[in-house]
Every structure is written in C-alpha cells, then in structure tokens.
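Q: Could you have a look at this structure, given as structure tokens, before my questions?
The values are calculated or read from the model by the stated rules, or taken from the named source; none is laboratory data. Please read these numbers as outputs of a predicted model, since none were measured by experiment. Glycine also receives a Cβ, built like all others from the backbone with ideal geometry; neighbour counts cover every protein chain displayed. The protein model used for the area step is the full one, side chains on, heavy atoms only, and it has no ligands, DNA or RNA in it. Shrake-Rupley method; radii C 1.70, N 1.55, O 1.52, S 1.80 Å.
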Amino acid sequence: GKVFNRHAVTTGDTDVIEDREEMIVRNFDSVSYRFKDQFDPYIGVCNVTPTVQARIEQDVKKLFLTLQTEGATADLGPQIIALDIVQLTPDPNDSAAYLLAVDVTLPAPLNNLKITLNLII
C-alpha cells in the first residue's frame, strides 16, 4: 500500500514529546552547538571579570536574535521562540569559570489541528 509519513519520532521509549519528536531533539542539539561555538573563543583567552561577563550577556542576546531570524520560514518559524538568561555569574566553586543557565522555548511540530465547528441556525 501507500506509505503516509505523519511525523518523525526518535526510537526512544518515552511519551514525553520533547524527547520523542525528532524535530525538537535535533533543534535542541543544533541550538546547544551554536552556544558552544559562540563561546569557544572565550576559553583560555579571557579572564573572569565584569567586562567579560557583560560581553557574554551581550553575545547570548545576539545569538538569540540570530536564531530567531536565521533560516526562519513562514512554515517553520524561528529556531528559538523565547530565551531567558536565568543565571550568569562567576562559579563559586571554580574561580576560572562562569555559570550560564539559559531557558529556551523551542517550537513544537504541528502534528494535529483540533477543530470545533459550531452550527448556528
């Protein structure tokens, strides 16, 4: 018979959409690599100072804007919907490190369109 592909899911044994939907998993991986690449140039070159912390914050905001526009289409939208810097502080347990925690909202696949029709006579 004819094959109909509804949506792509990973082989993980889970009902959690964030862990099952391939689009979400791949998008999250892509975003994490973009963050790694963005901040690799700082490692071994910069010091833990307020000026560097301000630069890191600006780079997070700049990367967010890039991920909202780069490659966005009318059907897929941006790679990131929202971003919130939860923490950006020197690491109290490692004087040569920063702690950066970012909450990101990623788009979810449109797998269903639930329609309610109301008949009015």
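Q: If you go through region 40-52 one residue at a time, do you hit one that is at pLDDT 95 or above, open to solvent by 90 Å² or more (accessible area, probe 1.4 Å) and hydroxyl-bearing (Ser, Thr, Tyr)?
A: yes
Q: Restricting the search to region 67-81, which residues are exposed (fewer than 15 other Cβ atoms within 10 Å of the Cβ), within 18 Å of residue 36 (Cβ to Cβ) and either hydroxyl-bearing (Ser, Thr, Tyr) or modelled with pLDDT of 95 or more (or both)?
A: Step one: of region 67-81, the residues exposed (fewer than 15 other Cβ atoms within 10 Å of the Cβ) are 69-77, 81.
The next check asks that each one be within 18 Å of residue 36 (Cβ to Cβ); those that pass are 70.
None - no residue of region 67-81 is exposed (fewer than 15 other Cβ atoms within 10 Å of the Cβ), within 18 Å of residue 36 (Cβ to Cβ) and either hydroxyl-bearing (Ser, Thr, Tyr) or modelled with pLDDT of 95 or more (or both), so the list stays empty.
Q: List, please: which pairs have Cβ atoms under 8 Å, are six or more places apart or on different chains, and start with a residue in region 17-36 that is at pLDDT below 85 and end with one that is open to solvent by 60 Å² or more (accessible area, probe 1.4 Å)?
A: Listed pairs, sorted by first residue: 17/108; 18/28; 20/9; 21/9; 21/108; 22/9.
Q: Provide a single number: the residues in region 88-104 that are of a type in the set (S, T, N, Q) and either open to solvent by 70 Å² or more (accessible area, probe 1.4 Å) or touching a Gly at 6+ places or on another chain (Cβ under 9 Å) (or both).
A: First, pick out the residues of region 88-104 that are of a type in the set (S, T, N, Q): 89, 93, 95.
Narrowing the set further to residues that are either open to solvent by 70 Å² or more (accessible area, probe 1.4 Å) or touching a Gly at 6+ places or on another chain (Cβ under 9 Å) (or both) leaves 93, 95.
Within region 88-104, residues that are of a type in the set (S, T, N, Q) and either open to solvent by 70 Å² or more (accessible area, probe 1.4 Å) or touching a Gly at 6+ places or on another chain (Cβ under 9 Å) (or both) number 2.
Q: Filter region 85-95 down to the residues that are of a type outside the set (Gly, Ala, Ser), in contact (Cβ under 8 Å) with a residue 12 or more places away in the chain and assigned to a loop (DSSP other than H, G, I, E, B) and list them by number.
A: Within region 85-95, none qualify.
Q: Among the candidates 112, 118, single out the residue that is part of a loop (DSSP other than H, G, I, E, B) and either among the aliphatic types (A, V, I, L, M) or farther than 25 Å from residue 22 by Cα (or both).
A: Numbers: 112 fails: either among the aliphatic types (A, V, I, L, M) or farther than 25 Å from residue 22 by Cα (or both).
Criteria check complete, one pass: 118.
Q: Right, another one. So, of the residues in region 32-84 that are in a helix (DSSP H, G or I) and acidic (Asp, Glu), which turns out to be farthest from residue 104 (Cα to Cα)? Break it down into steps so the answer makes sense when it comes.
A: Looking only at region 32-84, we keep the residues that are in a helix (DSSP H, G or I), and these are 32-42, 50-69.
Still in the list and also acidic (Asp, Glu): 37, 40, 57, 59.
On the way: 37: 17, 40: 20, 57: 15, 59: 15 Å.
Looking at the filtered set, the residue picked out is 40.
Q: So residue 26 ticks every box in (1) out of contact with any Leu (no Cβ under 9 Å at 6 or more places or on another chain); (2) farther than 15 Å from residue 104 by Cβ but one. Which box is left unticked?
A: Only one criterion is unmet by residue 26, namely (2).
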